[in-house]
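All remarks here apply to the structure that follows.
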Amino acid sequence: MSKPLVVIADRDENYLATFEYKFLEQFDDKIELEIISDEEYFNTFFSAPKTAEILVVGEDWYSRELHRHNIANLFIFTEENEMGATEELSVTRIYKYTGIKEIFNELTYRSRDKLYQGADAQKETMIISLYSAIGGSGKTSLSLGLAEELANNHKRVLYINTESIQAFAHYLNDEVGMSNEGYRALRDDLNHTYHNIKHFVRRKNFAYVPPFMATLDALNLSSQIFVNMVQTAKESKEYDFIIVDIEAGYSRTRTELLEISDKVIMVMLQDKMSLLKTEYILQNIDFRDREKYLFICNKYQESKENAYFESALQKQFPLHEYVEYVEEPMVTVERLGELSGIQKIAYMFI
């Protein structure tokens, strides 16, 4: 079976080099990649019939003659700040100076199945947990914002809230919680938790397990259902990312969720109490895998003192990103996904 052909053509060699690295990093030898920076060679290359999955061409090299070829997805690099369909429905404009990752996701989204066809194994589902030593850190809004931004970049995302009181529904404009049938399905078989409730999973821009409208004790459920739910959802291979919103504090279940996570975002605040509680948590959890844990400062205000800077933890676990404090209430996941700090966190994983 022939490999899908990807052609990227533009006179800016340095610009092309970034895309060459990105495509090779992502697909290696699973595709045929043609990078063209010479106009004469470009014309020679397309003088014979070509079949390509993706063609990206600089605006000054584009002509309707390219439509004679069998090209599944044709994109034009444009110098103007506009993206989207052109008058020719088979052509999409891409603003050349958008972020490389954003452009890459746009280019590959429609061709995902073809580009991965024949690959030995598609990328494993990544479990990203968000955890905090202190309540009120904004962990849930960060979790939902991250799920939204990953979905905006064409990733398949499942959000699972594991808190004892689940009050995230207002961000989704859907106040309806898990149905009684869903609770019964959760009790049926702990070994296939996600499979049992997948028909109750709801979808917005991303998928999410509906909020529980009562505590686990009241529902006669064990907190172990969350560990099994996350594990069986990963085994289903239906998602690129599973975002796990872990309740603040310390317990055996929380520790198990951290252990099965591929990445953990530790959510900090800049006050002294947040620092002290984080120091306590660090004494009780194995943090030796430095690559696994990312420390984020949420609700950051530059004008206020940051206790984390003055602590020994800063050298052990430097902060990876700051999410600025916003006075305006973020009442929807769409607004959360627009925050630059959350977008930067999402790009760590894309």
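What FRET efficiency do you get for Tyr41 and His154 if R0 is 35 Å and r is their Cβ-Cβ distance, rounded to the nearest 0.05?
Computed FRET efficiency for Tyr41 and His154: 0.65.
Restricting to the chain, compute how many DSSP beta bridges are antiparallel as a %, nearest 5.
Here the antiparallel bridges make up roughly 10 percent for the chain.
What's the angle, to the nearest 10 degrees (0 to 90), between helix 13-27's Cα axis and the longest principal axis of the chain?
It works out to around 60 degrees.
Helix 100-109 sits at what angle to the longest principal axis of the chain, using alpha carbons and giving 0 to 90 degrees rounded to 10?
Computed tilt is about 80 degrees.
What is the distance, in nm, between label points placed 7 Å from the Cα along the Cα-to-Cβ direction at Glu235 and at Lys292?
According to this spin-label approximation, the distance is 2.0 nm.
Show which aspartates and glutamates lie in cross-link reach of Lys315 when reach means a straight Cα distance below 14 angstrom and same-chain residues fewer than eight apart are skipped.
Here the aspartates and glutamates satisfying the reach criterion relative to Lys315 are Glu279.
At a Förster radius of 22 Å, what calculated FRET efficiency corresponds to the Cβ-Cβ distance of Tyr97 and Glu338, to the nearest 0.05?
So, using R0 = 22 Å, E works out to roughly 0.65.
Around Gly145, under 15 Å between beta carbons, what's the net of Lys plus Arg minus Asp minus Glu among the other residues?
The answer is -2.
Output ³J(HN,Hα) for the range 50-58: one whole-Hz value per residue in order, computed from phi by the Karplus curve 6.51 cos²θ - 1.76 cosθ + 1.60 with θ = phi - 60°, and x for Gly and Pro.
Result, rounded to whole Hz: 10, 10, 9, 6, 9, 10, 10, 9, x.
Take the chain, connect every pair of alpha-carbon atoms lying under 10 Å apart with a spring to form a Gaussian network, then pick out the residue of Leu221, Leu257, Leu269 with the largest mean-square fluctuation.
Of Leu221, Leu257, Leu269, the most mobile in the Gaussian network model is Leu221.
(1) 20.6; (2) 26.1; (3) 22.5: which one is Kirkwood radius over Cα pairs in Å as calculated from this entry?
Correct label is (3).
Enter the Cα centre distance for the pair the range 101-172 and the range 46-69, rounded to the nearest angstrom.
34 Å
Suppose a student asked you for the relative contact order of the range 5-116, using Cα pairs under 8 Å spaced at least 6 residues apart; what percent would you report?
25 percent
For Lys96, which lysines qualify as cross-link partners when the Cα separation must be under 29 Å and same-chain residues fewer than eight apart are set aside?
Lys3, Lys22, Lys30, Lys50, Lys114, Lys123, Lys155, Lys344
Got a sec? Charge dipole of the chain, +1 on Cβ for Lys and Arg, -1 for Asp and Glu; which of Tyr250, Gly58, Phe317 is way out at the positive end?
The listed residue farthest towards the positive side: Tyr250.
Between Gly145, Gly337, Gly182, find the one with the highest GNM mean-square fluctuation for the chain; connect C-alpha pairs within less than 10 Å.
Gly182
Read the figures in this text as sums done on the coordinates, not as results from a lab. All figures in this text were calculated on a predicted structure; none of them were measured in a lab. Note: ideal-geometry Cβ built from the backbone for every residue, glycine included; neighbour counts use all protein chains shown.
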